[in-house]
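Beneath this line is the structure, given in structure tokens, with notes to follow.
Nothing in this text is a laboratory measurement; each read-out follows from the coordinates by a stated rule. None of these values were measured; they are calculated from a predicted model. Note that we place each Cβ from the backbone using ideal geometry, even for glycine, and neighbour counts take in every protein chain shown.
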Amino acid sequence: MKKFLLCFCLAAFLLSCNSDSEKTAATSSDNPDSTKNAMAVDLPYKASYSSNFTTDVSDADLKLVLMSYKDWAAGNMDIVATEYGDTLEWIRPSGDRYNLPNAGIMKMWKTYRDSLSSVTIDMQAWQKMYASDRQEKYVVTWYKEIDTYKSGKADSGYYHDINQVKNGKIIQLEQYKRTAK
């Protein structure tokens, strides 16, 4: 009888532990107010641009951005030109900022791409980001690029790019680079 009572108490204890954790998990995921309360932290900064991001960006927009990298690496510059809008704002890793018609940017990019014998891109990660309060779509990428010049010299770097997409075209490209060792 003592063994039965001990087993019963142990089983009741284990079941009560599981049901409480399940109830807590269900409460926090099912109750939007608990999510709001968890996020209502007194933060030391307020985002000047936006802090209201979701992943509500279409897979077609994601594919457009990723294909622009694939086409760049393959040297398909005529296709690259179709992936960008009529005007592109391009912010280079050096901090130089261009806001030019597609033809002007493509002229610069074609000249640079023609100096390379190969481009290798290791796409490491990407994230779709939709700024709900601004109604703007972005695809953020992280990758390693190795540019090999026709002279044989190679240049490699780790990049972090922010691609803004509007109406099925890339309209802004902001790039950051860390030289690879």
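Computed values, structure above
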{"quantity": "Computed lengthening from Thr111 to Lys144, 0.36 nm per intervening residue step minus Cα-Cα distance", "calculated": "9.7 nm"}
{"quantity": "Least to most buried among Ile121, Ile162 (fewest other Cβ within 10 Å first)", "calculated": "Ile162, Ile121"}
{"quantity": "5 angstrom amide H check on Glu89, placed H, neighbours 5+ away", "calculated": "Gln172, Leu173"}
{"quantity": "For Glu89, Glu83, order by how many other beta-carbon atoms lie within 10 Å, fewest first", "calculated": "Glu89, Glu83"}
{"quantity": "For q = 0.10, 0.16, 0.19, 0.22 Å⁻¹, Debye-computed log10 I/I(0) when each Cα of segment 53-179 counts as one equal scatterer", "calculated": "-0.30, -0.79, -1.13, -1.51"}
{"quantity": "Ranked Thr120, Thr55, criterion: other C-beta atoms within 10 Å, fewest first", "calculated": "Thr55, Thr120"}
{"quantity": "Segment 85-158: trypsin sites (Lys or Arg not before Pro) falling in loop per DSSP and having at most 10 other Cβ within 10 Å", "calculated": "Lys150, Lys153"}
{"quantity": "Rounded to the nearest 20 debye, dipole of segment 53-179 from Cβ charges on Lys, Arg, Asp, Glu", "calculated": "280 debye"}
{"quantity": "Net charge of neighbours whose Cβ lies under 13 Å from the Cβ of Asp155, counting Lys and Arg as +1 and Asp and Glu as -1", "calculated": "+4"}
